[in-house]
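The values are calculated or read from the model by the stated rules, or taken from the named source; none is laboratory data. All values derive from a computational prediction rather than experimental measurement. Cβ sites come from the backbone with ideal geometry, for glycine too, and all protein chains shown count toward neighbours.
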Amino acid sequence: MSESGSRAGCEVIDVIEQLAVGIDGSHASFEALDQAIMVAKRLQSALKCVFVVDSRKTQVPIVYSGGAFDISTERIYLPLDPNLREYYGKIAEDLREFGANCLRFCAKRAGDSDLKITTIVREGYPAAELCEECRSADILIVGQKGENAHYKRSIVGSTTEDLVRTSPRPVQVVPVHRESLDRVMFVYDGSRTAENALRFYVNALGNVARSFEVALVSDDQSVALPDEEIEFLKQHGVPVELPNRDRVSLDSVLQGIETRGTDMILVGAYGRKKMLELILGSTASRLIRRSTVPVLVVY
């Protein structure tokens, strides 16, 4: 894939008409809901809340057995106990009802804000189902950690990180709801997706924040922030701040969030060395794991 980071089904949205938010019943997902409600009110957008019944919890387990080198010896074993199917059926039924209760809560909270809201229960693999649902939305908002937040995750593979890597729409990852959206930090690395993030912000969110701070974060010594970028922002009325044209570390950006009063971080999904980042972990991945404010990831 080229540096442009373009993928089938991906595009830069100019107007946010509908936000989708992933709900799993966790505290983090309701933080994402509150963030989505705040943004939707600012942009006068509709809201779609999606609960996915994880099919990995509801399907009767299948055991595979076979030789290490001879696929012809493979055998598939289904549990013989008929009560097991009833047991997993009950789990599915309970999860659907739990999802419906969560979405009723979402509808009430959004209704109290006079927002137009749609609620949907789907069943399948959460990241894949949310990706499909967000095709009819302009942005997807999810919690930083989900229902398994009490388990420590130090590797790529969570639903949130899967979404950031595969979503056809920009994804906002929310560790905690911010009451305001006044100060935005743009992490610039010279990549095409950073350019897409800049365009997305200007066209869809440019009149939301009172301050737009730019930080040059790149290990590539040839990367510099073009003057044309700053002029582009100014021409569109974005109140841009450039405290330092020198490169800064991602750690310094994260450590200064509270000091600067940052409300949101904007970043491109992939850097200039995309294949390397897919293996080692991109700037976006590090941000969504460690940031204490919402991170908006654009492709």
Answer yes or no: is there a residue in the range 156-165 that is outside the structural domain of S291 (by TED's automatic domain parsing), closer than 26 Å to A46 by Cα and assigned to a loop (DSSP other than H, G, I, E, B).
-> no
Confirm whether K145 is touching a Lys or Arg at 6+ places or on another chain (Cβ under 9 Å) and at pLDDT below 90.
-> yes
When you scan the range 265-299, how many residues do you find that are part of a helix (DSSP H, G or I) and either modelled with pLDDT of 95 or more or not hydrophobic (A, V, I, L, M, F, W, C) (or both)?
-> 7
Is there any pair with a first residue in the range 220-231 that is at negative phi and surrounded by 13 or more Cβ atoms within 10 Å (Cβ to Cβ) and a second that is modelled with pLDDT of 90 or more and in a helix (DSSP H, G or I) whose Cβ atoms are under 7 Å apart and which are 6 or more apart or on different chains, and what are they?
-> E229/L198
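Each row is one residue, and each column tells you yes or no for (1) surrounded by fewer than 22 Cβ atoms within 10 Å (Cβ to Cβ); (2) at pLDDT 90 or above.
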residue: L140; (1), (2): no, yes
residue: H150; (1), (2): yes, no
residue: V173; (1), (2): no, yes
residue: V176; (1), (2): yes, yes
residue: S180; (1), (2): yes, yes
residue: A204; (1), (2): yes, yes
residue: R210; (1), (2): yes, yes
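Touching a Pro at 6+ places or on another chain (Cβ under 9 Å) and free of Cβ contacts under 8 Å to residues at least 40 places away in the same chain - does that describe any residue in the range 267-276?
Within the range 267-276 (the criterion being touching a Pro at 6+ places or on another chain (Cβ under 9 Å) and free of Cβ contacts under 8 Å to residues at least 40 places away in the same chain), the answer is no, since none of the residues qualifies.
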